[in-house]
Structure formats: C-alpha cells, structure tokens
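Just so it is clear, none of the values below were taken in a lab; they were calculated from the coordinates. Quantities reported herein were computed from a predicted structural model and do not represent experimental measurements. Cβ atoms come from the backbone with ideal geometry, glycine included; neighbour counts cover every protein chain shown.
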Amino acid sequence: MSDVNRQTVRAPLQQFSVPLSATRRGARLARLLAAEQLRSWEMPLDPARLVVAELAANAVLHGRVPGRSFRLTLSVTASGTLRVEVADIRGDHLPAPARAVTDGPAESGYGLLLVEELADRWGVRRGPVPCKTVWAELDSPLCR
C-alpha cells in the first residue's frame, strides 16, 4: 500500500458524478453506469469496471447508513488518467489494509487487494465530516 493517499492532482477533462442508494442494487447500478460512461468517453471498460464494482460494494457493505446514499464520481484528466471515487457517509469506518495471506480460505475481504492490484494508485480521503472518499486511479494504457 505504498501508493495509499498519494493523489494525482490534475484538473479533470471530463467528469461524471451520481448519487446512488447504498444497497446491492445501487452498487450494481454504479458498475453499469460506469460502463456506459466509459463507453461514451471511448475508454476501456476493464479494469475500471471491476474497480468501480469493488469500491461500490464496499460502500454498501461498510459505509451504509439507512436512508443515505453513496456517490460515484468518475473523472478523466488530459493525460488520460481515470480517477474513480466512491464517497460514503461512514468516515468513522476506514478501509482496512488488504489481506494478502490468511490462515484459511476467506469468503470476503479481497476487494481492496484486488483494487490495489488493478489500480496504479489508490487511497482514502477523509471529510467533509462525516464522510470519506475511497479513490483509485488508472493511468491510460497509452502512457504505460
């Protein structure tokens, strides 16, 4: 997690943001809307679609407050970096470091490990209180 909280600060060239219900249906809709937005920007769907799915699922599972939503934001910089942000209302519940090895097979807990492997950078931004935003950046395949 050496890249955690090291953000790329660039003005977005394109941006999409939407509030979604903190339910399984909202997490699924986040993935579908992200795919449609990426298509409209003529950007590759994967691995971004998987990163969105994991961050949205975490917001629903760990950041849910009844009656409150989470927010999905996608932005693209001039250099082609895609930034995925998922903000929820549970700033008091920060993501735990990813588990690479366990004593036995676990049924969950691998989402952030997957995000760490797929994203070029990821991290958590606290605030405004009581919120937190988990973000991931994917550099353009053309810049690699």
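Tell me, how many Å apart are the Cα centres for the range 18-39 and for the range 68-86?
If we compute the Cα centre of each part, the gap is 12 Å.
State, to one decimal in nm, how far the label point of L94 lies from the label point of L114, with both points 7 Å from Cα in the Cβ direction.
2.4 nm
Sort 38-44, 121-127 by the packing proxy (mean of other Cβ within 10 Å over each peptide's residues), most packed first.
121-127, 38-44
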